[in-house]
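Notes follow the structure.
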Amino acid sequence: MKFTLFPQMPVAPGKRANPYVADFRAALEAAGHTVVNPPHRNPLLSLLRRGNLGDVVVFNWFESIPEFRHGVIQSWVAVGLLLWLRLRGRRVVWMLHNKAPHAPRHPWLNRLLRGLIARWSSLIVTHARAGLDVVREHYPEALAKAHFLDHPTKNRLGLVPDGVAKDYDLLIWGHVARYKGVFEFVDYLRAHPGTGLRTCIVGTCSPPSLFEELKAACPPGVTAIHESPSFEALARYVARAHFVLVPYHTESVLSSGILMDSLSYGAAVIGPDAGSFDDYAAEPALRVCTFRTFDDIPALVAAHRDADADRAATARFLDGHDWPHFVQRLTALLSDKS
């Protein structure tokens, strides 16, 4: 099959980007498929170039186009492109990653794009079973073409050192933004000094001054490190903590790359009672706990701090849900729709 993947953007030297689309492309090409559109600084307008549209067009975060630079104009370009693809009989896949954009500036345009791609897509894929509930509630006529496929995994268990002392109860890692709940959790710890939760926050902010604001708000027992660690360095941070904490708000979250990357190291994860966190809390091969409020977290840490990991079961899960298996399942769905 010939695929178009959106969005594909070049990564500037010294910068790191969400690896999801690059991993998607590599897995498609490894399976013998062709991705016809190269990375471009404007990933939407580049699709208008001759030869950049394959038989299957996969849109990730389509509803977030209004948040791009010149997002209002690009949104109307996206509407026209989607209509053209429909008229030309191209198969459109909507990857439904979130209930809604995390910090929308143009919510009415977000809703418009979601409604159109829900109606005009050939296939809707979500990495959280709650995504099917979103389709059922808002776009019931599209439910028959909506499918849950596990978020692709990687197996990084071999990077995690053995016998490392647990310096922290909780590790929070990744790019820090206000909508991710990190600031609220720091405020919670400052207001509840009796929890005694040793917490390490490792990440970067844009702008960097935001991290200084976070650091100044941290109470004793909380360490904030301004760093974007390599995968090897992150493995060492994971080894030093009892749990990875993902303090997200539940309003927008379905699947989570931070959850899946943490699980790739065999980490025990505490996350919100939502989306794929709920899915994997029910998976016996993984160690995922969920919270409704921050008050739940100290008890979860105390109850599960010393739980043993079944490394072999975790490895089987990671290997059975990796990118090659995801591409196999996706292309099987597309073959059924052809």
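The values are calculated or read from the model by the stated rules, or taken from the named source; none is laboratory data. A quick note: this is a predicted structure, and the numbers were derived from the prediction, not measured. Reconstructed Cβ throughout: ideal geometry from the backbone, glycine too, with neighbour counts over all protein chains shown. The accessibility values were calculated without ligands, DNA or RNA, using every heavy atom of the protein model including side chains. Shrake-Rupley method; radii C 1.70, N 1.55, O 1.52, S 1.80 Å.
Here are the numbers for the structure shown:
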read-out	value
Subset tally (residues that are farther than 22 Å from ALA165 by Cβ and either touching a Phe, Trp or Tyr at 6+ places or on another chain (Cβ under 7 Å) or not in a loop (DSSP other than H, G, I, E, B) (or both)) for segment 222-243	1
Count of segment 82-105 residues which are in a helix (DSSP H, G or I) and either on the phi > 0 side of the Ramachandran plot or open to solvent by less than 60 Å² (accessible area, probe 1.4 Å) (or both)	2
Cβ-Cβ under 6 Å pairs, at least 6 apart or on other chains, segment 255-284 side within 13 Å of LYS99 (Cβ to Cβ), far side among the small types (Gly, Ala, Ser) and open to solvent by 20 Å² or more (accessible area, probe 1.4 Å)	GLY275/ALA130
Criterion violated by TRP108 - all others in (1) farther than 30 Å from ASP133 by Cα; (2) open to solvent by 70 Å² or more (accessible area, probe 1.4 Å); (3) without any contact (Cβ under 8 Å) to a residue 40 or more places away in the chain satisfied	(1)
Among residues of segment 228-249, those that are of a type in the set (A, V, I, L, M) and within 18 Å of CYS289 (Cβ to Cβ), counted	5
Members of segment 267-285 that are crowded, with 23+ Cβ neighbours inside 10 Å and farther than 12 Å from SER256 by Cβ	ALA267, ILE270
Filtered residues of segment 26-35 (kept if under 22 Å from ARG49 (Cβ atoms), open to solvent by less than 50 Å² (accessible area, probe 1.4 Å) and either in a helix (DSSP H, G or I) or hydroxyl-bearing (Ser, Thr, Tyr) (or both))	LEU28
Members of segment 197-209 that are farther than 11 Å from HIS175 by Cα and either in contact with a Leu (Cβ under 8 Å, 6 or more places away or on another chain) or surrounded by 13 or more Cβ atoms within 10 Å (Cβ to Cβ) (or both)	LEU197, ARG198, THR199, CYS200
Single condition ASP308 does not satisfy, out of (1) touching a residue at least 24 places away in the same chain (Cβ under 8 Å); (2) in a loop (DSSP other than H, G, I, E, B)	(1)
Sole exception among (1) farther than 23 Å from HIS249 by Cβ; (2) at pLDDT 95 or above; (3) in contact with a helix residue (DSSP H, G or I) (Cβ under 8 Å, 6 or more places away or on another chain); (4) open to solvent by 40 Å² or more (accessible area, probe 1.4 Å) for PRO140, by number	(3)
Sole residue being among the aliphatic types (A, V, I, L, M), surrounded by fewer than 20 Cβ atoms within 10 Å (Cβ to Cβ) and touching a Lys or Arg at 6+ places or on another chain (Cβ under 7 Å), chosen from LEU159, LEU132, LEU149, LEU116	LEU149
Counted residues, segment 36-81 - those being of a type in the set (Val, Ile, Thr), open to solvent by 10 Å² or more (accessible area, probe 1.4 Å) and outside any loop (DSSP other than H, G, I, E, B)	4
